[in-house]
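Worksheet: the structure to be examined is printed underneath.
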Amino acid sequence: MDKLRAAEDDDRREYRVEELAQAAGITARTLRFYRERKLLQPPRKEGRIAWYGEEHLARLRMIAELLERGHTLDGITELIDAGESGQGVADLIGLAAAIVAPWSDETPVRLDWDELKTAFGDQLTEENTAESIAQGYISVREDGITHVSRRLLDATTELVDQGVPLAAVLDASRRTREHVDAIAEIFIEVVGEHLLSALAADTPLPPGEAARLTERILRVRPLARTVADAQFTLAMDRRVHAEYDELLRQRRDGNEAEN
C-alpha cells in the first residue's frame, strides 16, 4: 500500500519553473521559450505561481529526443499540434523519423597529414584539397582531415594506386554526383506523389495512416537502393560492350586502311 501511495504521489508531483527545468536538464529560459512557442502545455496556476506536472516533464523529454534526432522546433510544433488534434504523436514521430533517417551507412574516417601524404604523395595539392572540401567529402583539421566515407576514401586511394590521377578521380566524382542527385530527385518525386501524397493535404491523417505510411517507407527504402544498383550495373554492361565494339571497329578499320 505504501508503494502504491508513493507511486500515486509521484504521478501527482508538481514543479515550479526552475524545478521543472532542472529535472528536464534545460535552463528556465529555454523552458519559457518553449512555452512561448506553445510547445508546452499551459501550467496550473495558483495565484501568481505556475505549477507543472509529470506530463510537462514528459513533453520536455520528448522535445529533447526529437531535437537530438535532427527535428526542427517548427517540425516539432507541427507534430505536437497534430497530436493534440487527435492524431497519435508516437505514430507521427515514427513517420517523421522514417522520412528523415539517413539513407547512407558510411563510416567517417580521420587521417593525419602524414597518412594523406603517404596515400597521395605529390597529388595532395591545394587544388585537390579544395575540390574535396567543395564536394563535401572532407573537413580539414589542424592535424589532418575527416573524410565522410571510409569506402569512398578506400576506393579513391585504390584508383590512385592503379594510376588514375587524384584530380581525375575528383572530376569523375563531381560529375557522378550530379547524376546521382538527379536520380535521387526522381525517386523522391515518385515516392512523394504515390506514397506520401496524404502528407501534403491540409486535413489530418486518418487514424492509423501515419503508422501505415511509416511501414511503406521502411519497405521502399531498400528497394530504392536495389533499383539504383541494378540500373547502374546494367548501364555499365551496355557501355562496356558499346565501347569494346567501337574499339574493335577502329582496329578493323585501321587494319583495312593499312592493307
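The values are calculated or read from the model by the stated rules, or taken from the named source; none is laboratory data. Since this is a predicted model, take the numbers as computed values, not measurements. Cβ sites come from the backbone with ideal geometry, for glycine too, and all protein chains shown count toward neighbours. Just so you know, the surface numbers come from the protein's heavy atoms only, side chains and all, with ligands and any DNA or RNA stripped out. Shrake-Rupley method; radii C 1.70, N 1.55, O 1.52, S 1.80 Å.
Before moving on, here are some points about what is shown:
- Remark: relative contact order (the chain) = 15 percent; criterion is Cα-Cα distance under 8 angstrom and separation of 6 or more residues.
- Heavy-atom accessible surface of the chain: percent carbon and sulfur, 1.4 Å: 54
- Interchain or long-range residues, amide H under 5 Å from Q135's placed H: none
- Taken about its Cα centre, the chain carries a charge dipole of roughly 1120 debye when the Cβ of each Lys and Arg holds +1 and the Cβ of each Asp and Glu holds -1.
- Farthest toward positive dipole pole in the chain [+1 Lys/Arg, -1 Asp/Glu at C-beta], among I76, H241, A58: A58
- Solvent-accessible area per residue in the chain equals 70 Å², computed with a 1.4 angstrom probe and all protein chains kept.
- Residues in the range 228-244 carry Karplus couplings, in order, of 4, 5, 5, 4, 5, 5, 5, 5, 4, 4, 4, 5, 5, 5, 5, 5, 5 Hz; the curve used is 6.51 cos²θ - 1.76 cosθ + 1.60 with θ = phi - 60°, and Gly or Pro positions show x.
- Taking the inverse of the mean 1/r over every pair of distinct Cα atoms in the chain gives a Kirkwood hydrodynamic radius of 24.1 Å.
- Table column - 3J(HN,Hα) (Hz), the range 55-66, Karplus curve with 6.51, -1.76, 1.60, x for Gly and Pro: 5, 5, 5, 4, 5, 4, 5, 5, 4, 4, 5, 5
- Expected 222 nm ellipticity per residue - DSSP helices of 4 or more, -39500 (n - 2.57), all of the chain, to 500: -22000 deg cm²/dmol
- Multiplying the residue separation of R32 and R239 by 0.36 nm and subtracting their alpha-carbon distance yields 68.4 nm.
- Folded to 0 to 90 degrees: helix 166-194 orientation relative to the chain principal axis, Cα: 50
- Only protein heavy atoms count here; on that basis, with a 1.4 Å probe, L218 has an accessible area of about 100 Å².
- When R16, R251 are compared by accessible surface with a 1.4 Å probe, the order from highest to lowest is R251, R16.
- The order of F187, F33 by accessible area, most exposed first and with a 1.4 Å probe, is F33, F187.
- The length gained by stretching the chain between R219 and D143 to full extension, at 0.36 nm per residue less their Cα-Cα distance, is 23.1 nm.
- Projecting the Cα positions of L196, A257, A211 onto the charge dipole of the range 170-259 (unit charges on Cβ atoms of Lys, Arg, Asp and Glu, taken about the Cα centre) puts A211 furthest along the positive direction.
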